[in-house]
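Heads up: the structure comes next, in structure tokens.
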Ligand code: DC
């Protein structure tokens with residue numbers, strides 16, 4: 001399941017995994033954890049070479065229960081801190097570094113193993129699991145995405161969220177390595193007019209049809 005932030009990927013992926021008794025992996029959380037660690041280490045995240053040099057160091061462990069996904073880096077539970085503004089502001093820089101991507105993609109493939117998992121991110125259908133049985137690409141209008149994200153966070157406005165998402169979208173879809181794009185054979189779903197349950201039901205019917 002790929003798509004930009006606020007398209008509904010996380011809630012939909014978890015709901016689908018729960019409904020089908022599958023595991024769930026949030027790859028964005030892994031890029032966020034790597035970013036949190038770089039900031040903790042005092043690495044200048046705008047310096048690609050500095051980030052690349054340290055990318056192999058931290059140990060990242062992702063728990064794949066859709067009812068309680070977890071993320072630890074070097075043994076520290078970072079589920080909370082990775083959602084903070086400092087990480088959100090820096091993650092697109094860290095995620096653009098090829099050494100970071102190749103390390104995390106290898107880790108993601110190990111977790112995916114034989115499958116039976118719903119994986120969400122930006123490059124899952126294109127790079128991480130191009131042979132996935134079902135590929136989805138979720139979109140939503142810029143306003144709907146900003147409204148959803150504003151409802152999840154405190155102390156922000158729709159306008160500020162929309163501006164921040166536009167900045168991240170540009171960085172994520174124009175980077176040289178594995179930019180956000182729709183995979184060949186993916187089903188595109190515009191979630192703007194739909195409730196969460198409607199999106200989950202639509203995805204479940206696509207899964208049924210294709211598997
Ligand atoms: O889904 P998210 O907002 O938590 O993702 C955080 C950032 O990580 C996002 O701005 C782009 C990057 N990312 C990526 O490059 N590739 C992925 N598979 C998942 C996320």
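The values are calculated or read from the model by the stated rules, or taken from the named source; none is laboratory data. Keep in mind that this is a model prediction, so the values were computed, not measured. Note that we place each Cβ from the backbone using ideal geometry, even for glycine, and neighbour counts take in every protein chain shown.
Would you check if there is a residue in segment 6-21 being closer than 28 Å to residue 150 by Cα, in a loop (DSSP other than H, G, I, E, B) and within 10 Å of the ligand (Cβ to nearest atom)?
Yes, the conditions are met somewhere in segment 6-21.
From 34, 38, grab the single residue that is crowded, with 16+ Cβ neighbours inside 10 Å and either away from the ligand (no atom under 12 Å from the Cβ) or free of Cβ contacts under 8 Å to residues at least 60 places away in the same chain (or both).
After applying the criteria, what remains is 38.
Filter segment 128-147 for residues that are surrounded by 18 or more Cβ atoms within 10 Å (Cβ to Cβ), assigned to a helix (DSSP H, G or I) and in contact with a helix residue (DSSP H, G or I) (Cβ under 9 Å, 6 or more places away or on another chain); which is modelled with the highest pLDDT?
So, considering only residues that are surrounded by 18 or more Cβ atoms within 10 Å (Cβ to Cβ), assigned to a helix (DSSP H, G or I) and in contact with a helix residue (DSSP H, G or I) (Cβ under 9 Å, 6 or more places away or on another chain), the one modelled with the highest pLDDT is 128.
Among the residues of segment 57-92, how many are in a loop (DSSP other than H, G, I, E, B), out of contact with any helix residue (DSSP H, G or I) (no Cβ under 8 Å at 6 or more places or on another chain) and over 30 Å from residue 170 (Cβ atoms)?
Result for segment 57-92: 4.
Return a yes/no flag: does segment 189-210 have any residue that is touching a helix residue (DSSP H, G or I) at 6+ places or on another chain (Cβ under 8 Å), in a loop (DSSP other than H, G, I, E, B) and under 28 Å from residue 97 (Cα atoms).
Looking through segment 189-210, none of the residues is touching a helix residue (DSSP H, G or I) at 6+ places or on another chain (Cβ under 8 Å), in a loop (DSSP other than H, G, I, E, B) and under 28 Å from residue 97 (Cα atoms).
Name every residue in segment 44-56 that is surrounded by fewer than 18 Cβ atoms within 10 Å (Cβ to Cβ) and outside any helix (DSSP H, G or I), in order of residue number.
If the condition is that a residue be surrounded by fewer than 18 Cβ atoms within 10 Å (Cβ to Cβ) and outside any helix (DSSP H, G or I), then 44, 46, 47, 56 are the ones that fit.
Going through segment 148-180 one residue at a time, which ones are in a loop (DSSP other than H, G, I, E, B), out of contact with any helix residue (DSSP H, G or I) (no Cβ under 6 Å at 6 or more places or on another chain) and either within 15 Å of the ligand (Cβ to nearest atom) or closer than 16 Å to residue 8 by Cα (or both)?
153, 175, 176
Considering only residues that are in a helix (DSSP H, G or I), surrounded by 14 or more Cβ atoms within 10 Å (Cβ to Cβ) and more than 13 Å from the ligand (Cβ to nearest atom), which ones fall in segment 93-125?
If the condition is that a residue be in a helix (DSSP H, G or I), surrounded by 14 or more Cβ atoms within 10 Å (Cβ to Cβ) and more than 13 Å from the ligand (Cβ to nearest atom), then 99 is the only one that fits.
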